[in-house]
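Remarks on the structure that follows.
The values are calculated or read from the model by the stated rules, or taken from the named source; none is laboratory data. The model shown is predicted, which means the values in this text are computed figures rather than measured ones. Neighbour counts are summed over all protein chains in view; Cβ atoms, including those assigned to glycine, are modelled from backbone coordinates with ideal geometry.
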Amino acid sequence: MTNVPETTITPEMRQEAARLFGDHVAGVMSAADEARLAQWLAEDPRHARAFAAVERTWRAIDETTMPPVPVRGTAPWSRRFARWRPAGTQHGVSAPVHKASGWARGLVAASVLLLIATQSADIALRLRADAITNTGERRSFALPDGSIALLNTDSAVAVDFADGRHIRLLRGEAAFTVAPDPARPFVVEAGGGTVTALGTRFLVRLDGDETRVAVTEHSVRIDLNAVSRLVREGEEAGYGRDRISPLAGQSVHDTDGWTRGVIRVVNRPLADVVREIGRYRSGYILVLGDGLSQRRVNGVFRLDDPDRSIDAIGRSLGIRSTRIGGMVTILHD
């Protein structure tokens, strides 16, 4: 195991600092929570430095992008926590004093999450990747053997054709159109398993703890530890944690809709559709309202203008869409 220097702020510390910062400025902390925050700040100098870094980034955001949010209490470096404030850190300005609404809490949470995402750009991944796409971008490129890889939004792959034909999906999703070469199998590594092309065209997606595979032409073989499964044309499968399972719920034609620049949904919950469309835009989309996230959505939506698609969904469900700056969109009754 690699030893971490005692002066290094770990990713876990940054995430905990962002979570605590969000709870504090949103006004959702009880007296016991604030006591735990004080204890956490006192436990390790790195905790206070991580907390201060989140606050600095928060304050550096342009006010036109992140508008004021109604919150309760005082800014994070109030008198209660001043003793742990690193040297050179400015005392915060008092925030408006009134109880945070559901919207305020949601905005604060979304904003802090965005801070984490912005600060945690994976430089190591970019150094490993041979091809990468940004949010909202889709790009195809030719591989050395004449095969074609099409990367979806926010995706990255590493290519190794030195000894065989090997692709590693580092992030996101990709569609592969494979050039025939029986002597050299075409293998995609993703999520701890491998997908070997036994035909022409298939898609692989990293989705949290699960890796999803869809086959549009011929077949592929999934190998995960000692488990194997053949996935044929028109089928989908998911794997993770020593199991490979068939997937149902939508057609493969719908699954690869993104390769044609659209997403087609049939009777899917609003929360799922928002999550999918949200992959193609920066910022966060919040669904606020009792039962709203489970409202069913049907339609075909373009991915080159996700905001327009969100507005169309709102109109179809009779709900409102409100944008806060360019970062947060709220769907609500």
Query - Where residue 14 falls short, out of the listed (1) modelled with pLDDT of 75 or more; (2) farther than 25 Å from residue 283 by Cα; (3) among the basic types (Lys, Arg) - result: (2)
Query - Selected residue (only one of 293, 321, 245, 282 is small (Gly, Ala, Ser) and either more than 22 Å from the chain's Cα centre (by Cα) or exposed (fewer than 13 other Cβ atoms within 10 Å of the Cβ) (or both)) - result: 245
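Residue check: is residue 249 of a type in the set (Gly, Ala, Ser) and within 18 Å of residue 152 (Cα to Cα)?
When the stated conditions are applied, residue 249 does not pass them.
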**Report entry** Yes/no for residue 274 being outside the structural domain of residue 174 (by TED's automatic domain parsing) and crowded, with 18+ Cβ neighbours inside 10 Å
**Finding:** yes
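One line per residue, one yes/no per condition, for (1) in contact (Cβ under 8 Å) with a residue 12 or more places away in the chain; (2) touching a Pro at 6+ places or on another chain (Cβ under 9 Å):
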residue	(1), (2)
193	yes, no
202	yes, no
208	no, no
212	yes, no
236	yes, yes
239	yes, no
259	yes, no
263	yes, no
Query raised in the report: Restricted to region 155-179, and to residues that are crowded, with 17+ Cβ neighbours inside 10 Å and of a type in the set (D, E, K, R), which residue is nearest to residue 260 (Cα to Cα)?
Result: 173
Report task. Have a look at 293, 309, 282, 321 and point out the one that is outside the structural domain of residue 172 (by TED's automatic domain parsing), among the small types (Gly, Ala, Ser) and in contact with a Pro (Cβ under 9 Å, 6 or more places away or on another chain). Result -> 293
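A quick yes/no check of all residues on (1) in contact with a Ser or Thr (Cβ under 8 Å, 6 or more places away or on another chain); (2) part of a loop (DSSP other than H, G, I, E, B); (3) not aliphatic (A, V, I, L, M):
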residue: 137; (1), (2), (3): yes, yes, yes
residue: 141; (1), (2), (3): no, no, yes
residue: 159; (1), (2), (3): no, no, no
residue: 162; (1), (2), (3): no, yes, no
residue: 183; (1), (2), (3): no, yes, no
residue: 188; (1), (2), (3): yes, no, no
Report summary line: Turns out the strands (runs of 3 or more DSSP E) fully within region 237-325 with at least 3 residues that are at pLDDT below 90, over 29 Å from residue 221 (Cα atoms) and in contact with a Cys (Cβ under 6 Å, 6 or more places away or on another chain) are none
Requested in this report: State all residues of region 303-318 that are in contact (Cβ under 8 Å) with a residue 40 or more places away in the chain and either surrounded by fewer than 15 Cβ atoms within 10 Å (Cβ to Cβ) or more than 17 Å from residue 279 (Cβ to Cβ) (or both); if no residue qualifies, say none.
Outcome: 304, 317
